[in-house]
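Each value in this text was obtained by applying a stated rule to the coordinates, not by laboratory testing. Computed from a predicted structure; not experimentally measured. Methodologically, a virtual Cβ is constructed for each residue, glycine included, from the backbone with ideal geometry; neighbour enumeration extends over all protein chains shown.
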Amino acid sequence: MVKLGIIADTHVPDRARGVPEALCSTFREAGVSAILHAGDICIPSILQELEKIAPVYAVRGNRDIYYLRNLPIQLSLEFEGVPIGLVHGHGKLASYMLDKVDHLRHGVRVERYQNRVLQAFPDAKLVVFGHLHRRIH
């Protein structure tokens with residue numbers, strides 16, 4: 001059985017000092033097979049820390065343009081025959097700017113992001129994305 005650790009928006013060091021030890025302990029205790037990081041990592045050492053636990057698959061978030069610009073924008077993965085999409089969710093620059101205006105006018109509308117990421121991975125059974133800093137089912 002594959003167990004995946006899911007994480008996004010670590011924002012180290014601008015919003016946090018590091019990956020919470022409780023999260024690392026949880027991943028270790030669960031025996032995760034891989035870790036999926038949905039972007040806004042900010043510094044490479046976070047990926048190195050997570051790699052000590054399990055292989056890491058990561059995508060670039062809007063805050064990763066400096067130190068992690070070589071990460072892909074999105075990844076199509078497969079674990080035990082289940083197709084999975086991994087993306088941060090902020091879209092291209094034009095989408096990102098339009099989202100900012102929409103946030104000011106209407107607040108965060110989750111469906112804007114859900115539609116975008118689902119269109120990017122039409123065959124996926126699971127899509128992991130960040131950016132909104134909340135869990136969505």
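Of all lysines in the structure, those lying under 25 Å Cα to Cα from residue 52, and not within fewer than 8 positions of it along the same chain, are 3. Backbone geometry of segment 79-90 corresponds, through the Karplus equation with coefficients 6.51, -1.76 and 1.60 at θ = phi - 60°, to 3J(HN,Hα) couplings of 10, 6, x, 9, x, 10, x, 10, 7, 6, x, 7 Hz, x marking Gly and Pro. Backbone amide hydrogens, once placed in the peptide plane, bring residue 34 within less than 5 Å of 3, 5, excluding anything fewer than 5 places away on its chain. In the chain, taking the dipole from charged Cβ atoms about the Cα centre, the farthest positive-side position among 7, 79, 93 is held by 93.
Suppose R0 equals 35 Å. What FRET efficiency, 1/(1 + (r/R0)^6) with r the Cβ-Cβ distance, do residue 82 and residue 16 give to the nearest 0.05?
It comes out at approximately 0.70.
Near the amide H of residue 79, within less than 5 Å, lie the amide hydrogens of 84, all on another chain or at least 5 residues away, with H placed in the peptide plane. Mean-square fluctuations from a GNM of the chain, with a 10 angstrom spring cutoff on Cα atoms, peak among 121, 27, 79 at 79.
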